[in-house]
Amino acid sequence: MQPSAAETPNATSDCPYGLCDGSGILIKRSRDGAAIKFCKCRTDAIRKNRLKFADIPEEFKGLRVNDFLTDVYTSSKDRRLAASAKRAVIGYVNNFSKMCDMGKGLYFYSAAKGSGKTRLAVSLGNALINKYNAEVRYTTTIRLLNEIKDTFDNKTGKTQAELIADTSSIQVLILDDIGVEKPTAWAEEVLFTIINERMINKKITVFTSNLSVNELRLDERIKDRIRRMAVPVICPEESIRKILAYNENDEVLKILSKEDKIC
Ligand SMILES: Nc1ncnc2c1ncn2[C@@H]1O[C@H](COP(=O)(O)OP(=O)(O)OP(=O)(O)O)[C@@H](O)[C@H]1O
Ligand SMILES: [Mg+2]
Ligand SMILES: [Zn+2]
C-alpha cells in the first residue's frame, strides 16, 4: 500500500498523487529511521515513456484487446477466426512471463487486407505496456529496412551495426507486414541477422503478414527461425477497413448533402 501524503514529508505538487517531490521516490520517515519506496507516479512515468518509445501509429494508439469486435465479420467462419485470434491475444497477455521464458511471439496472418491483423498485434503491444510496463516497439518491415539503409548516409546518427543491435535487443518487437515483397539480398541478410539475434536471445517478436510462414518470399533460414519464435494465429478473411470506409463515406455524404449554400 502507498503511504498517505501525511506520512511523506517530501511531497510537493510535482507529484500527481501528492505523495513524492516529483522524483518518483518516497521517503517515509518513522521513529526507526527513513525508508525509501517508489511512488505510483514513477510507474506512470515509465509507462508514458514506454508508450512514446513504442511508436504505435496514430490510428491504433490506446486500442485495447477487448475492443476488438468479433461479430462484425459477415461469415460465421470469420467470426470464429476473429474470436479465436482474440482469445489467443488474451491468453498471451495473461501468460506473458511464460511466453518470455519460451521466447515465443505470435504470427498473425490472413490474405485479406484490412481484416484486423495490425490492430490485434498493436492491441497486444498496448496491453503488454499497460499490464507489465514491457518495452515494446512497433515498426513495419519496410520502414525498419529503410531506416537501416539510411544509416549509409548517416541520416540517423547511428551506424548500421548499432541500429541492428538496438532492434535486436528490444524486448517486444512488432514487425508489421513481413515478407510480402521479395527483399534484396542485402535486406534479407539484415532481416536474418535481426531475427536470428532475437531468436537466440529469446526476445519476443510479433509478426503480421498477408502470407503464411510457408508462403513468405524469404530465405528458408529466416522462415525456419520465424516458425520457432512465433505461434501462427489465423485471422479473418474479410476487410473491416472496407466496411469502415463505406460507413464513414456514407456519414460524410449525409453531411455534404445537407447544405445548399455556403455559410
Ligand atoms: N475486429 C475488428 N474490430 C474493430 N475494428 C477493426 C477490426 N478489424 C479491423 N478493424 C479496423 O479496420 C482497420 C483495418 O484493420 P488492420 O489495419 O488491423 O487490418 P490488417 O489486417 O492489418 O490489414 P493489411 O493486411 O492491409 O495490413 C483498422 O482501422 C482497424 O482498427
Ligand atoms: Mg496491417
Ligand atoms: Zn510521486
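The values are calculated or read from the model by the stated rules, or taken from the named source; none is laboratory data. Keep in mind the model is a prediction, meaning the values are calculated, not measured. Heads up, the Cβs are rebuilt from the backbone with ideal geometry, glycines too, and the neighbour counts pull from every protein chain shown. Areas reflect the complete protein model, heavy atoms only, side chains present, ligands, DNA and RNA absent. Shrake-Rupley method; radii C 1.70, N 1.55, O 1.52, S 1.80 Å.
Looking at the chain, the accessible area is 58 square angstrom per residue; that uses a 1.4 Å probe and ignores ligands, DNA and RNA. When each of the peptides 251-261, 134-144, 22-32 is scored by how many other beta carbons lie within 10 Å of its residues on average, the order from highest to lowest is 134-144, 22-32, 251-261. What FRET efficiency comes out for L69 versus R31 if R0 is 41 angstrom and r is the Cβ-Cβ distance? Round to the nearest 0.05. In this case the efficiency is close to 0.10.
Karplus-based coupling profile of the range 58-63, in residue order and whole Hz: 3, 4, 10, 4, x, 5, with θ = phi - 60° in 6.51 cos²θ - 1.76 cosθ + 1.60 and x standing for Gly or Pro. Calculated [222 nm] ellipticity per residue, helices only, for the chain: -15000 deg cm²/dmol; basis is -39500 (n - 2.57) per DSSP H run with n ≥ 4, divided by all residues, nearest 500. The share of accessible area on the chain that comes from carbon and sulfur is 53 percent, using a 1.4 angstrom probe. Along the range 184-190 the Karplus relation, 6.51 cos²θ - 1.76 cosθ + 1.60 evaluated at θ = phi - 60°, assigns HN-Hα couplings of 5, 4, 4, 4, 5, 5, 5 Hz to successive residues, with x for each Gly and Pro. In a fully extended conformation the segment linking D153 and E251 would gain 30.7 nm over its present Cα-Cα distance, using 0.36 nm per residue. Between L26 and K37, F38, C39, the built amide H atoms are under 5 Å apart, and every one of these is 5 or more places off in sequence or on another chain.
Normalising the Debye intensity of the range 55-242 to I(0), with uniform scatterers on Cα atoms only, and taking log10 at q = 0.10, 0.17 Å⁻¹ returns -0.38, -1.11. Size of the range 1-103 from its Cα atoms: along the principal axes, largest to smallest, the extents are 67, 31, 23 Å.
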